[in-house]
Amino acid sequence: MKRAVFVAGGATFGFFLSRARATEFEAIVGMFRLTDLHLFGVIGVAIATAALGLALLRRTATHAWSGEPLRFARKPYHRAVFAGGVLFGIGWALSGACPGTALTQLGEGKAYALATVAGILVGTWAQRRVSALRASAQGA
Amino acid sequence: MDTNWPFWLAGLALGGFVPAFAWLTGKTLGISSGYSEMCSLAAPAGSERWKLWFALGLPLGGLASNALDGTVWAATSSTEMQATLGVSTVPQYALLALGGALIGYGARTAGGCTSGHSIVGIALGAKSSLIATLGFMLGGFATTWAVVQALGATP
């Protein structure tokens, strides 16, 4: 699959995130303060739509248009999933962004999102280091 | 100027994108792992490299959304955010970077973010995604209420 297809896919998803107001700090804070329920509605409808579409796709197709076999793997559960989720939630509230919206904010000209994106890169890198260290400690 | 979509339209678009993208490319979307790809640019491209290109497309969507409003690179200032939090520039950037670091660390620990877990994962009925999303919400609610209490901010 060509890179351009994935870039275009990302652009489309970013456009939707922007229209959904998911890139607005106020909308995120409003969601967590329960003063602006808009984003709960967005997420709820998105999950229902994705579930319906994926179920339909699984019944009607075995391969993607690109020729790739369709596999819908569920992410594995492990003990750290919940703790990682809570850490993510703290960051979500502090920065008013998630990984996708931080990059979309950059395109919207919100220069402050550079700090968020830089932070996410550092956090991603740190997690990889820590899990590598843990793995080698267990192996020793 | 308010060209934002109602919640149901935005939800249909974001949710509908998932099966459409899967049908076209055979991939289920995930964004936090795109940052992992950015962290391993020096390594040879593996099967996950498409996530890098997807992530790099996101800002273009934000740009297009602004352009449609006629506000190309209008640099939406961070003053509203500062007013909400009641902080000045430097602590604000520190909070953003700290928040970002927690997002990165947390997402990679949990194995996904709001796209891969909360939308795709729950739509697939994955237990891990439901638990991760409960964590996202709990962390977000607790933090917002704590920050609002601490700063006395009234958004």
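The values are calculated or read from the model by the stated rules, or taken from the named source; none is laboratory data. Because the structure is predicted, anything quoted here is derived from the model rather than measured. We place every Cβ from the backbone using ideal geometry, glycine too, and count neighbours over all the protein chains shown. Side chains are part of the model used for accessible areas, which takes the heavy atoms of the whole protein and leaves out ligands, DNA and RNA. Shrake-Rupley method; radii C 1.70, N 1.55, O 1.52, S 1.80 Å.
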Which members of the range A:19-73 meet the condition of being charged (D, E, K, R) and either within 7 Å of another protein chain (Cβ to nearest Cβ) or more than 13 Å from A:T101 (Cβ to Cβ) (or both)? A:R19, A:R21, A:E26, A:R33, A:D36, A:R58, A:R59, A:E68, A:R71
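Is it true that A:A93 is of a type in the set (A, V, I, L, M) and more than 7 Å from every other protein chain (Cβ to nearest Cβ)?
Values: of a type in the set (A, V, I, L, M): yes; more than 7 Å from every other protein chain (Cβ to nearest Cβ): no.
Taking the combined requirement at face value, the residue does not satisfy it.
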Tally, over the range A:1-55, of residues that are open to solvent by less than 10 Å² (accessible area, probe 1.4 Å) and in a loop (DSSP other than H, G, I, E, B): 2
Residue pairs within 7 Å by beta carbon, gap of at least six or interchain, first lying in the range B:1-29 and without any contact (Cβ under 8 Å) to a residue 12 or more places away in the chain and open to solvent by 60 Å² or more (accessible area, probe 1.4 Å), second part of a helix (DSSP H, G or I) and of a type in the set (S, T, N, Q), listed first then second, are B:L12/A:T49
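Matching residues to (1) at pLDDT 95 or above; (2) closer than 20 Å to A:G100 by Cα; (3) crowded, with 24+ Cβ neighbours inside 10 Å; (4) more than 7 Å from every other protein chain (Cβ to nearest Cβ):
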| site | (1), (2), (3), (4) |
| --- | --- |
| B:V90 | no, no, no, yes |
| B:L102 | yes, yes, yes, no |
| B:G106 | yes, yes, yes, no |
| B:T114 | yes, yes, yes, no |
| B:I122 | yes, yes, no, no |
| B:W145 | no, no, no, yes |
| B:Q149 | no, no, no, yes |
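Looking only at residues in the range B:39-58 that are open to solvent by 30 Å² or more (accessible area, probe 1.4 Å) and either outside the structural domain of B:N4 (by TED's automatic domain parsing) or part of a helix (DSSP H, G or I) (or both), which one is modelled with the lowest pLDDT? Spell out how you get there, then give the answer.
Our first condition is that a residue be open to solvent by 30 Å² or more (accessible area, probe 1.4 Å); within the range B:39-58, this holds for B:39, B:41-49, B:53, B:56.
Filter again for either outside the structural domain of B:N4 (by TED's automatic domain parsing) or part of a helix (DSSP H, G or I) (or both), leaving B:39, B:53, B:56.
Working: B:C39: 92, B:W53: 96, B:L56: 97.
Among those that are open to solvent by 30 Å² or more (accessible area, probe 1.4 Å) and either outside the structural domain of B:N4 (by TED's automatic domain parsing) or part of a helix (DSSP H, G or I) (or both), it is B:C39.
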For the range A:116-140, name all the residues that are aliphatic (A, V, I, L, M) and either touching a Gly at 6+ places or on another chain (Cβ under 7 Å) or in contact (Cβ under 8 Å) with a residue 60 or more places away in the chain (or both). A:V117, A:A118, A:I120, A:L121, A:V122
Which residue pairs have Cβ atoms closer than 8 Å, lie 6 or more positions apart in sequence or on different chains, and pair a first residue in the range B:36-59 that is under 20 Å from A:A126 (Cα atoms) with a second residue that is among the small types (G, A, S) and in a loop (DSSP other than H, G, I, E, B)? B:K51/B:G30
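So for the range B:18-25 (the condition being hydroxyl-bearing (S, T, Y) and under 15 Å from B:H117 (Cα atoms)), does at least one residue qualify? So that I can check it myself, show each step before the final result.
Residues of the range B:18-25 that are hydroxyl-bearing (S, T, Y), as a first pass: B:25.
Filter once more, so that each one left must be under 15 Å from B:H117 (Cα atoms): none.
Checking the range B:18-25: not a single residue is hydroxyl-bearing (S, T, Y) and under 15 Å from B:H117 (Cα atoms).
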